[in-house]
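Below: one structure in structure tokens.
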Amino acid sequence: MRDALNIYRLILLIGLTLVTIPCVAQPVPANDENIPYLMTFGCDGETSWGDDDFSQTFLFKIPLSYSRPFYIRVYDPDIGGAVDEINGVWDTRMSYSVYGGKECWSHEDARGVNPEGNYRSGTLLASKVFGMDNRYDDGWYTFGPFNPTEGELVEAFGGYIFKIICEGLTGDDGNLYRYYLSTERDENRAIEDGNAFTYEYSFRMWNNNENISHIYPYIDTATIYVKQVNFDWDDDGYIRVVSRVKRGLLASISNEDNWAESKIRIEEEEINSSLDFQFIKKRPELVRNNNVVISVENQYGEYLEFFTIPIGGVPVYNPSIKAKQIEK
């Protein structure tokens, strides 16, 4: 029954994607997300610095309409210099690995939030380890070229799926970085109708409390409620949930080195659209360089995709829609 629901969910998802305005692949994090950096610490790091498992997975969709080679570019892949977060001395090594092929996405472990089991499923296409390397500080490293057919064909997504895993191998420093899905090796040029998504977002908050970050979990017809789980928020502000019918529901937030969760009822008007999780910081002098982790799952315990380009567009509260009772 659950497999059938998953298939139905994906069919609806791609159907909605096809009827929305064509999108263009962008930096990861995307502009609408307003997140400064992705974040992964070395495996010897302290979880109180904001990383629960020292690994982060992102997946890229290459649409069927695109047939040329493409590249996955990494901004500031090394660990050292002005961008990253030092803990004593620079002693961290970080690996980036790109996967395609069968079960790159469809293996159950690849759709989880922990680096457990066969989360590296698929065919390894490229890999590189970085330490402190001034050549890439505030610069780009490019993986590829890859052919779209080297990915896993997922018809319900309307394209081929590739996976990149960033993992801390040694050390305890923080790696701050970004991705870009590009048609070119040496510059960032978007792939029309491409997209990226993850099941657990690990990222750096802005220090300026005027900057609000966003993530966009997609809600399908099988979803009755969702449970958001966040880690090491440091009690540093608020998580506000906005949708067509939610003006600003406050979600539970974690403190130093612990977890918090809360359930959110899904209304009929929110089906086949994305929620907007807004991360609103308190006064900037309270907590600086705050790194946080968040995931969202449905009532079956299945993790929802955070698409960098939200499916159905960025949700906007519509006061003319009367919502039913909302549970926190």
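Explain nothing, just the number: dipole magnitude of the chain about its Cα centre with +1 on each Lys and Arg Cβ and -1 on each Asp and Glu Cβ, in debye rounded to the nearest 20. Show your work: numbers first, answer last.
On the way: 30 positive and 51 negative charges, 241 e Å.
Computed charge dipole of the chain: roughly 1160 debye.
List every residue whose amide H lies under 5 Å from the amide H of G237, counting only residues 5 or more places away in sequence or on a different chain, with H placed 1.01 Å from N in the peptide plane.
Placed amide hydrogens put K282 under 5 Å from G237.
At most 10 other Cβ atoms within 10 Å and a DSSP loop assignment: could you name the GluC sites (Glu not before Pro) in segment 246-303 that fit?
On the way: sites: E256, E261, E267, E268, E269, E270, E285, E297, E302; in loops: E256, E267, E285, E302.
Sparse-neighbourhood loop GluC sites (Glu not before Pro): E285.
Ordered by residue, what ³J(HN,Hα) values in Hz, to whole numbers, does segment 106-118 give under the Karplus form 6.51 cos²θ - 1.76 cosθ + 1.60, where θ = phi - 60° and Gly and Pro are x?
Result, rounded to whole Hz: 6, 5, 4, 5, 6, 9, x, 10, 10, x, 10, x, 9.
Please list 3J(HN,Hα) in residue order for segment 288-295, calculated via the Karplus relation 6.51 cos²θ - 1.76 cosθ + 1.60 where θ = phi - 60°; whole Hz, with x for glycine and proline.
These are the phi-based 3J(HN,Hα) values: 10, 6, 7, 9, 9, 10, 8, 9 Hz.
Let me ask another. Under 5 Å between amide hydrogens, which residues at least 5 positions from Y179 or on another chain qualify, with H placed 1.01 Å from N in the peptide plane?
V28, Y75
What is the set of long-range amide H partners of N195 at a cut-off below 5 Å, with H atoms built 1.01 Å from backbone N?
Placed amide hydrogens put K61 under 5 Å from N195.
Under a plain spin-label model, where a point goes 7 Å from the Cα along Cα-to-Cβ, how far apart in nm are T123 and T149?
It is 1.1 nm.
Next up: Between L286 and E103, take the C-beta separation as r, use R0 = 30 Å, and let me know the FRET efficiency to the nearest 0.05. List each step's numbers first, then the result.
On the way: r = 44 Å, r/R0 = 1.47.
Once the sixth-power term is evaluated, E becomes 0.10.
For segment 177-224 and segment 98-121, what is the separation of their C-alpha centers, rounded to whole Å?
19
Please give the contour-minus-distance gain from Y317 to N272: 0.36 nm per residue of separation, less the Cα-Cα distance, rounded to one decimal in nm.
Values: separation 45, 0.36 × 45 = 16.20 nm, distance 1.51 nm.
Fully extending the segment from Y317 to N272 adds 14.7 nm.
Sorted by mean Cβ packing within 10 Å, highest first, what order do the peptides 271-283, 229-241 take? Write down the numbers at each step before the final one.
Details: 271-283: 19.1, 229-241: 20.6.
Ranking, from highest mean packing down: 229-241, 271-283.
Using just the helices of the chain, give the 222 nm mean residue ellipticity in deg cm²/dmol: DSSP H runs with n ≥ 4 each add -39,500 (n - 2.57), and the total is spread over all residues, rounded to 500.
Values: 1 runs with 18 residues, N = 328.
Result for the chain: -2000 deg cm²/dmol, rounded to the nearest 500.
Turning to a different aspect of this structure: So, in the chain, how many Lys pairs have Cα atoms under 28 Å apart, if the pair is 8 or more places apart or on different chains?
Taking the chain as the scope, the lysine pair count is 28.
Still on this structure, I have one more. Run the simple label-point estimate for D138 and Q299 please: 7 Å along Cα→C-beta, distance reported in nm.
Placing both labels 7 Å along Cα→Cβ, they lie 5.2 nm apart.
Where a ≥ b ≥ c are the square roots of the eigenvalues of the C-alpha gyration tensor, would you call segment 2-307 rounded, which needs a/c under 1.5, or, failing that, prolate if a/b is larger than b/c, or oblate?
Details: a/c = 1.58, a/b = 1.05, b/c = 1.51.
In terms of gyration-tensor shape, oblate.
With each pseudo-label sitting 7 Å past Cα toward Cβ, what's the S65-N211 distance in nm, one decimal?
So the two model labels end up 3.2 nm from each other.
Using the Karplus curve 6.51 cos²θ - 1.76 cosθ + 1.60 with θ = phi - 60°, what ³J(HN,Hα) values do you get for each residue of segment 214-221, in whole Hz, with x for Gly and Pro?
Working through the residues one at a time gives 9, 9, 10, x, 8, 10, 9, 6 Hz.
Bear in mind that the values in this text are calculations on the coordinates, not laboratory data. These figures come from a predicted structure and were not determined experimentally. A quick note on method: Cβ atoms are made from the backbone with ideal geometry, for glycine too, and the neighbour counts reach across all protein chains shown.
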